Amino acid sequence: MRSEVPRERPRSFSNPRMPPERRGRARPDRTPGVRPGRKTQVKPGRRAGLGRAGPPRKAAASSQRQPPAPPGAAAAAIAIAAEEERRLRQRNRLRLEEDKPAVEQCLEELVFGDVLDDEDALLRRLRGPRVQVQEDSGDSEVENEAKDNFPPQKKPVWLDEEDEDEEMVDMMNNRFRKDMMKNASESKLSKDELQKRLKEEFQHAMGGVPAWAETSRRKTSSDDESEEDEDDLLQRTGNFIATSTSLPKGILKMKNCQHANAERPTTAEISSVQFHPRAQVVMVAGLDNAISLFQVDGKTNPKIQSIYLEKFPIFKARFSANGEEVLATSTHSRVLYVYDMLAGKLIPVHQVRGLKEKIVRRFEVSPDGSFLLINGVAGYLHLLSMKTKELIGSMKINGRIAASTFTSDSKKVYASSADGEVYVWDVNSRKCLNRFVDEGSLYGLSIATSRNGQYVACGSNCGVVNIYNQESCLQETNPKPIKAIMNLVTGVTSLTFNPTTEILAIASDKMKEAVRLVHLPSCTVFSNFPVAKKKNISLVHTMDFSPRSGYFALGNEKGKALMYRLHHYSDF
């Protein structure tokens, strides 16, 4: 029996006639869809005649023709070749990146962006602007950059045919649209026509097209000036946000200054303290028969002049409205002294024709400088001409006159009676305009009006100060006060508003340290005045503010004219 020897499988070659030494360099078969000359990478599982799965297949005979590869296999071969080529590029680039310094790598990222993983994106990015420059060679670089950044216009996803149909709007059933109908045939209008009609109505109401609605408005000179102002604003540095100019409530920042009459001390009671309306001067007068003028500097307050009136204890002294004269009355005389500051002359007015008063004490000077009001006995108010010192007319109230004052416009006079009533008089006609009862008052002692014509303050013997609105005092017979200040317990003898109507000073000469400063319009008392530990104010008989509220002065019975600097106000 013959033993069988295993037979060797015949090897198949692509070309059996090719010599053995060239068979190892045989070219691979061409695949349909792949151009000659381009490398084609075959999957590892399909090398050396292996199929997609299973053992290697037998080689076909040389005379037998190979079947064409399917189209899917050709596409897969192209994808594999592209992937292999990309990997090769990535490997070569990584080798080059290892030798580059970190500074150069950072610079490339800033210039070319983060496109290390996609060279094609970098090529498209570098190639894009070149094409744009060639197409738009006539445009500037800014325009080209704006065109590149402008987002492409998107097409609508779907279109509704009903939107294209012209919808009619009913004009009859709407009361606002009904007024826009020009005739009865316009009962229905399209949306475009309604929009035009609304524009016409708006332009008719505005008197034309407003400037903010003009889309193609040309630049005017005012626009250029505004732009220049904006440029100037941006070129400067500083604090452009200013603090509020109104006086805050709660605590009043102030400093105790040298006494106004420190260079002429006295022990007599100070009856009058007033600041000059135009100069930085303060006047101090008292029961020592002297009127003294001092220069206000807050440190030494040097004396300017002193006027001595023999046997004439001064009850009240006041500057004229223009500051050229000083008027003074005594406690027991009917003489009115007028001191001419420009001429330096002292003129006594012994008798006023028609005035039958035995003693002249209380008086008021009108803010416009035209009138002089003297409080007489038996409820009489005498109105005199400030220029000639002659009697113009008299007004009478019921009871005794406690206090009187002019309004800021010098057209009205407020008079407080001892019965707790307030009378309002017209200066020109000398007729009573209104009469009302001061709420809760049994006996009036003082009255004052604000410079801005807004408030009237009435002080009574029980220590209550009622603050009214001037309009309500003119129209109502029983007006309600805005606020009742009850910080004093004795009769309120002095009331003074500051020129800015932000502070009301109230005081009583019946109790020591009985003085308060009230903040307006909150009508609250400043908590830091007077200082509780320093008992140096004593009994207050007179008060006044400087023309711009920078200083506040008051006189007491010890002969001292105390003066304070209010830091909120920068001027005298």
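Summary of values
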quantity	calculated
Count of residues meeting criterion [open to solvent by less than 10 Å² (accessible area, probe 1.4 Å) and in contact (Cβ under 8 Å) with a residue 40 or more places away in the chain] in the range 530-541	1
Those residues of the range 151-185 which are at pLDDT 75 or above and touching a Ser or Thr at 6+ places or on another chain (Cβ under 9 Å), in sequence order	Met168, Val169, Asp170, Met171, Met172, Met181
Residue check, Ser570 under 17 Å from Lys249 (Cβ atoms) and open to solvent by 50 Å² or more (accessible area, probe 1.4 Å)	no
Selection from the range 390-405 of residues that are closer than 24 Å to Tyr337 by Cβ and in contact with a Leu (Cβ under 7 Å, 6 or more places away or on another chain)	Glu390, Leu391, Ile392, Gly393, Ser394, Ile401, Ala403, Ser404
Residue among Phe529, Phe572 that is more than 20 Å from Val465 (Cα to Cα) and modelled with pLDDT under 95	Phe572
Entirely in the range 234-292, the strands (runs of 3 or more DSSP E) that have 3 or more residues that are at pLDDT 95 or above, within 22 Å of Val365 (Cβ to Cβ) and more than 42 Å from the chain's Cα centre (by Cα)	270-275, 281-286
Filter result (of a type outside the set (Ser, Thr, Tyr), part of a loop (DSSP other than H, G, I, E, B) and under 15 Å from Leu252 (Cα atoms)) within the range 533-558	Gly550
Residue in the range 106-122 that is open to solvent by less than 80 Å² (accessible area, probe 1.4 Å) and at pLDDT 70 or above present	yes
Pairs with Cβ under 7 Å, 6+ apart, first in the range 169-197 and among the β-branched types (Val, Ile, Thr), second part of a helix (DSSP H, G or I)	Val169/Lys191; Val169/Leu194
Unmet criterion (only one of (1) under 18 Å from Gly555 (Cα atoms); (2) modelled with pLDDT of 95 or more) for Gly298	(2)
Of the criteria (1) out of contact with any strand residue (DSSP E or B) (no Cβ under 8 Å at 6 or more places or on another chain); (2) open to solvent by 10 Å² or more (accessible area, probe 1.4 Å); (3) closer than 29 Å to Ile447 by Cβ, which one Thr300 fails	(3)
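The values are calculated or read from the model by the stated rules, or taken from the named source; none is laboratory data. Predicted, not measured: the structure shown is a model, and the values here were computed from it. With ideal geometry, Cβ positions are generated from the backbone for all residues, glycine too; neighbour counts draw on all protein chains shown. Keep in mind that these areas ignore ligands, DNA and RNA; they rest on the heavy atoms of the full protein, side chains included. Shrake-Rupley method; radii C 1.70, N 1.55, O 1.52, S 1.80 Å.
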